[in-house]
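The values are calculated or read from the model by the stated rules, or taken from the named source; none is laboratory data. Predicted model only: the values in this text are computed from it and were never measured. Positions of Cβ are backbone-derived with ideal geometry, glycine not excepted, and every protein chain shown enters the neighbour counts. Only protein heavy atoms, including side chains, enter the accessible area calculation; ligands, DNA and RNA are left aside. Shrake-Rupley method; radii C 1.70, N 1.55, O 1.52, S 1.80 Å.
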Protein chains: 2
Amino acid sequence: MKGNIFYAQSGGVTPVINATAAGLIDAYFKNKNYFGKLYVGKNGILGALREELIDISSESRAELALLKKTPGGAFGSCRLKLNDYRKSKKDFQRLYDVFKKHNIKYFFYNGGGDSQDTTNKISKYFREKNYPIICIGLPKTIDNDLPITDNCPGYGSVAKYIATSTLEASLDVKSMSETSTKIFILEVMGRHAGWLAASAGAVKDLAEDPPHLILFPEVKFNEKLFLKNVREITKKYGYCVIVASEGIKNSRNVFLSDSGLKDSFGHAQLGGVAPVLSKLITNKLKYKVHWAVSDYLQRSARHIGSKVDVEQAYSLGKKAITYAKKEISDVMLTIKNISSKKNYKWSISHTNLDKVANVEKMLPRNFIKKNGFEITKPCKEYILNLIQGEDYPAYDNGYPKYSRLKCKTIKKKLASYKLK
Amino acid sequence: MKGNIFYAQSGGVTPVINATAAGLIDAYFKNKNYFGKLYVGKNGILGALREELIDISSESRAELALLKKTPGGAFGSCRLKLNDYRKSKKDFQRLYDVFKKHNIKYFFYNGGGDSQDTTNKISKYFREKNYPIICIGLPKTIDNDLPITDNCPGYGSVAKYIATSTLEASLDVKSMSETSTKIFILEVMGRHAGWLAASAGAVKDLAEDPPHLILFPEVKFNEKLFLKNVREITKKYGYCVIVASEGIKNSRNVFLSDSGLKDSFGHAQLGGVAPVLSKLITNKLKYKVHWAVSDYLQRSARHIGSKVDVEQAYSLGKKAITYAKKEISDVMLTIKNISSKKNYKWSISHTNLDKVANVEKMLPRNFIKKNGFEITKPCKEYILNLIQGEDYPAYDNGYPKYSRLKCKTIKKKLASYKLK
């Protein structure tokens with residue numbers, strides 16, 4: 001009896017996590033003689049715990065064909081970190097019961113650092129139970145902070161969005177700067193690592209070009225130095241464009257977004273470093289400021305997906321099937337930079353899951369200029385490689401035609417399970 | 001001696017105001033035997049007052065060819081409303097001196113309501129002075145609030161961006177809603193008219209589809225009713241997507257963005273209705289909320305320009321030259337809907353400047369559903385017409401290749417002028 005596959009999407013979604021699903025599904029259909037069913041967990045690992053399994057063959061082929069170009073997590077994702085399996089035996093026992101009942105012999109988990117950790121724990125638990133299962137982690141995160149892999153799928157597309165949006169908004173503020181807004185602030189995601197903020201720097205060639213100041217979480221925010229720079233740049237070029245990571249902290253190690261603003265009840269207003277910076281500039285320098293917070297827009301902007309990124313994400317899904325057939329387990333697939341000289345080339349490789357869990361990759365020190373506000377040439381080259389090429393979705397009636405799956409789950413075979 | 005042309009860009013820029021400039025420039029080069037020089041004012045009417053004139057023939061043809069697909073105002077814009085010419089004689093006398101000195105016989109001003117008013121005033125002043133000049137207003141505003149014209153160039157592209165972004169972010173939040181964020185709020189521009197917020201509704205087909213709630217400036221914000229709807233929608237569909245105009249007001253006619261938030265100095269925090277709504281939902285309903293403020297990103301998102309919008313903007317520029325050759329003056333060019341049955345068709349027409357000045361076109365009452373939170377079928381059809389087709393810019397190295405003009409001004413012939 002051929003083993004069934006379980007695949008699920010986990011953590012914050014990306015513009016291309018569905019491309020990885022599409023790669024895996026396409027390869028599965030080409031290898032149907034080798035595998036049993038392909039089940040997708042509804043809402044990540046929750047789908048396994050709740051026995052909410054989507055049989056991929058019940059979805060329309062036409063909608064599945066759109067998956068490669070659809071943002072979000074088409075099967076639902078979740079933020080649920082499994083505890084150590086010695087500490088939460090019940091959950092792991094449940095996973096064992098569900099996988100055994102549904103003859104699941106392949107476990108593919110598509111996510112960031114926490115999800116790789118989950119995959120690692122599941123693999124170890126099943127080995128202890130002597131249940132043979134291939135466990136493969138598929139990387140995904142717009143934060144680009146997974147170790148060992150040269151980059152993470154999702155990052156390239158969001159970087160392309162941020163680079164383009166920064167360039168566009170800069171042209172706007174430049175036009176208006178003589179009599180109106182002189183400062184524009186774009187807040188981007190990145191609690192700990194500045195990869196996304198750095199991506200705005202890809203469009204800068206000359207000193208006068210925007211973005212003029214990038215605020216990285218890796219660099220402590222120095223108010224005095226920041227204001228000095230804003231003033232000087234605005235005097236010199238007539239306007240100033242700032243790209244700020246949501247996670248920048250002041251010298252007391254407090255998130256800037258947590259400091260200062262209070263609502264009418266006196267509660268601290270969380271979220272939004274851009275309005276805090278805006279207020280600071282307005283108060284201290286008296287310039288007119290505009291600010292944007294791109295939030296989920298950046299994370300879902302599939303309409304401006306990077307071709308390189310989409311191809312990497314899709315290949316990872318396809319390769320998962322190849323690895324499974326070779327019975328390679330306990331690994332996370334990785335993207336390897338195999339460039340020779342100028343042309344960027346990459347291939348899919350892998351690393352042991354033990355090496356990935358709980359390691360966050362920050363921007364290397366040599367990617368940030370000594371002034372603390374700009375990216376270096378190696379950083380720019382790294383980013384440019386990942387934003388190459390356009391991979392547009394089809395449009396229907398003026399807006400993108402994205403996949404609409406039914407996500408109907410199969411009939412349950414076990415009693416329902418209560419999560420604590 | 002052939003008369004020279006003065007063209008300038010005014011007010012908040014749009015993704016396609018440069019397409020209008022491109023249409024005008026292309027038509028000018030084809031009619032060079034008829035006209036003298038084409039001067040573009042640097043920073044709108046300021047360029048005329050300061051005698052800062054860009055001779056278009058001094059710009060590279062290659063860069064001018066990129067203009068049609070470049071956002072922002074390539075020649076600089078300004079926010080400067082001229083007073084009545086009886087009240088600010090000095091400024092008008094200066095315009096007269098500059099235009100006379102440079103033999104300007106054609107005045108094209110590309111802007112919104114205030115700019116049409118400026119064009120009208122200039123025309124009347126020059127007539128009093130018996131100076132023959134053709135004055136033509138070219139419409140432009142993402143707010144879509146100019147009267148008589150069926151729509152305004154700029155609106156279609158921003159509407160396409162908002163519709164697409166809403167759809168994309170909705171797919172994201174839907175994926176996460178089981179264990180994390182359930183509510184997403186997108187703040188869009190629109191101080192008085194809800195045209196931009198309405199555009200999000202173009203992607204909604206079924207009741208369950210996002211956006212679930214649109215907040216229009218035309219409808220007073222009712223906190224109780226709003227929260228009731230958010231709760232019901234979230235219970236029913238698992239998540240709720242809200243698109244809010246920056247200009248919504250409460251029952252006391254106060255901007256929501258002005259109410260409540262105070263900074264550490266006790267000053268009211270201006271700008272940002274999304275964080276206010278977010279805080280309200282978090283406090284009252286305890287849902288996890290994400291919010292985005294697209295600000296200038298929406299206004300400059302040329303990478304997702306609407307083909308219909310770009311063609312209309314370009315045609316308006318081209319037609320300006322045709323009108324000038326016919327010596328038609330004191331008009332604003334308009335877009336006329338000449339659809340027969342199903343297919344959207346349009347043509348360029350015109351209206352007297354007197355009819356345009358100081359009139360703002362709000363969303364018609366029959367474009368908003370009775371519940372106050374959705375658009376009607378006629379509204380959706382209106383919007384869909386304007387977002388049809390994609391008009392992508394060229395990409396170079398991963399991001400759009402936008403025009404870089406020199407904007408070098410010609411040698412001044414007059415003494416410098418001090419603006420009050």
Take A:Val359 and decide whether it is more than 14 Å from every other protein chain (Cβ to nearest Cβ), open to solvent by 50 Å² or more (accessible area, probe 1.4 Å) and more than 18 Å from A:Ser306 (Cα to Cα). yes
Looking at region B:65-81 only, could you name the residues that are surrounded by fewer than 20 Cβ atoms within 10 Å (Cβ to Cβ) and more than 8 Å from chain A (Cβ to nearest Cβ)? B:Ala65, B:Lys81
Any residue at all in region B:101-113 that is within 14 Å of chain A (Cβ to nearest Cβ), touching a Ser or Thr at 6+ places or on another chain (Cβ under 8 Å) and within 20 Å of B:Ser294 (Cβ to Cβ)? yes
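If you scan region B:173-193, which residues turn out to be out of contact with any His (no Cβ under 8 Å at 6 or more places or on another chain) and under 20 Å from A:Lys81 (Cβ atoms)?
First, pick out the residues of region B:173-193 that are out of contact with any His (no Cβ under 8 Å at 6 or more places or on another chain): B:174-180, B:182, B:186-193.
If the condition is that a residue be out of contact with any His (no Cβ under 8 Å at 6 or more places or on another chain) and under 20 Å from A:Lys81 (Cβ atoms), then B:Ser175, B:Met176, B:Ser177, B:Glu178, B:Thr179, B:Ser180, B:Lys182 are the ones that fit.
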Of the conditions (1) in a helix (DSSP H, G or I); (2) under 14 Å from the mean Cα position of the chain (by Cα); (3) within 14 Å of chain B (Cβ to nearest Cβ), the single one that A:Leu196 does not satisfy is (3)
Looking at region B:371-413, which of its residues are more than 14 Å from chain A (Cβ to nearest Cβ) and more than 26 Å from B:Leu215 (Cβ to Cβ)? B:Lys408, B:Ile410, B:Lys411, B:Lys412, B:Lys413
Among the residues of region B:19-42, what is the count of those that are touching a strand residue (DSSP E or B) at 6+ places or on another chain (Cβ under 8 Å) and not in a strand (DSSP E or B)? 9
Consider A:Ala8 against the criteria (1) part of a loop (DSSP other than H, G, I, E, B); (2) within 14 Å of chain B (Cβ to nearest Cβ): it satisfies all of them except one. Which criterion is unmet? (1)
Determine whether region A:212-234 contains at least one residue that is within 13 Å of chain B (Cβ to nearest Cβ), surrounded by 18 or more Cβ atoms within 10 Å (Cβ to Cβ), at negative phi and in contact (Cβ under 8 Å) with a residue 40 or more places away in the chain. no
Does at least one position in region B:366-381 carry a residue that is free of Cβ contacts under 8 Å to residues at least 24 places away in the same chain and open to solvent by less than 40 Å² (accessible area, probe 1.4 Å)? yes
Tell me which residues, restricted to region A:183-207, are charged (D, E, K, R), in contact (Cβ under 8 Å) with a residue 12 or more places away in the chain and surrounded by fewer than 24 Cβ atoms within 10 Å (Cβ to Cβ). A:Arg191, A:Lys204
With the checklist (1) over 22 Å from the mean Cα position of the chain (by Cα); (2) over 29 Å from B:Arg404 (Cα atoms) in hand, flag the one item A:Ile148 doesn't pass. (1)
Take region A:28-41 and flag every residue that is more than 14 Å from chain B (Cβ to nearest Cβ) and either within 19 Å of A:Cys407 (Cβ to Cβ) or open to solvent by less than 10 Å² (accessible area, probe 1.4 Å) (or both). A:Tyr28, A:Phe29, A:Phe35, A:Lys37, A:Leu38, A:Tyr39
Selection from region B:49-59 of residues that are free of Cβ contacts under 8 Å to residues at least 60 places away in the same chain and either open to solvent by 50 Å² or more (accessible area, probe 1.4 Å) or small (Gly, Ala, Ser) (or both): B:Ser57
Quick check on region B:292-310: of everything there that is of a type in the set (Val, Ile, Thr) and at the interface with chain A (Cβ under 7 Å from one of its Cβ atoms), which residue is nearest to A:Ala274 (Cα to Cα)? B:Val293
So which helices (runs of 4 or more DSSP H) stay within region B:76-183 end to end and still have 1 or more residues that are over 30 Å from B:Glu390 (Cβ atoms)? B:89-101, B:113-128
Among the residues of region A:248-258, count how many are more than 20 Å from A:Phe184 (Cβ to Cβ) and either touching a Phe, Trp or Tyr at 6+ places or on another chain (Cβ under 8 Å) or modelled with pLDDT under 55 (or both). 3
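Would you confirm whether any residue within region A:359-366 is aliphatic (A, V, I, L, M) and either in contact with a Gly (Cβ under 7 Å, 6 or more places away or on another chain) or closer than 25 Å to A:Lys124 by Cα (or both)?
From region A:359-366, those aliphatic (A, V, I, L, M) are A:359, A:362-363; that's our starting set.
Going one step further and asking which of them are either in contact with a Gly (Cβ under 7 Å, 6 or more places away or on another chain) or closer than 25 Å to A:Lys124 by Cα (or both), we end up with A:359, A:363.
Yes; the residues of region A:359-366 include at least one that is aliphatic (A, V, I, L, M) and either in contact with a Gly (Cβ under 7 Å, 6 or more places away or on another chain) or closer than 25 Å to A:Lys124 by Cα (or both).
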If I filter region A:57-73 for residues that are of a type in the set (Ser, Thr, Tyr), under 27 Å from A:Asp143 (Cα atoms) and not in a helix (DSSP H, G or I), do I get at least one hit? yes
If you take the residues in region A:346-356 that are of a type in the set (A, V, I, L, M, F, W, C) and open to solvent by less than 20 Å² (accessible area, probe 1.4 Å), which one is modelled with the lowest pLDDT? A:Val356
B:Lys342 passes all but one of the listed conditions (1) more than 22 Å from the chain's Cα centre (by Cα); (2) more than 14 Å from every other protein chain (Cβ to nearest Cβ); the exception is number (2)
Might you check whether a residue that is at pLDDT below 95 and open to solvent by less than 60 Å² (accessible area, probe 1.4 Å) occurs anywhere in region A:396-409? no
Quick one: would you say B:Phe29 is in contact with a Ser or Thr (Cβ under 9 Å, 6 or more places away or on another chain), over 19 Å from B:Asn120 (Cα atoms), without any contact (Cβ under 8 Å) to a residue 12 or more places away in the chain and not β-branched (Val, Ile, Thr)? yes
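Return the residues of region B:274-288 that are open to solvent by less than 20 Å² (accessible area, probe 1.4 Å) and within 11 Å of chain A (Cβ to nearest Cβ); say none if nothing qualifies. Steps first, answer last, please.
Taking region B:274-288 and keeping what is open to solvent by less than 20 Å² (accessible area, probe 1.4 Å), we get B:274-275, B:277-278, B:281.
Across region B:274-288, the qualifying residues are B:Ala274, B:Pro275, B:Ser278.
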Subset of region A:65-87 (residues that are over 26 Å from A:Gly156 (Cα atoms) and in contact (Cβ under 8 Å) with a residue 40 or more places away in the chain): A:Leu82, A:Tyr85
Residues of region B:149-176 being open to solvent by 10 Å² or more (accessible area, probe 1.4 Å) and at the interface with chain A (Cβ under 8 Å from one of its Cβ atoms), which ones? B:Leu167, B:Leu171, B:Lys174
Is there a residue in region A:303-321 that is among the hydroxyl-bearing types (Ser, Thr, Tyr), under 19 Å from the mean Cα position of the chain (by Cα) and over 18 Å from A:Asn110 (Cβ atoms)? yes
B:Gly372 is checked against (1) out of contact with any Asp or Glu (no Cβ under 7 Å at 6 or more places or on another chain); (2) at negative phi; (3) modelled with pLDDT of 95 or more and fails just one. What number does that condition carry? (2)
Give the number of residues within region B:314-335 that are in a helix (DSSP H, G or I), open to solvent by less than 10 Å² (accessible area, probe 1.4 Å) and within 13 Å of B:Ser349 (Cα to Cα). 3
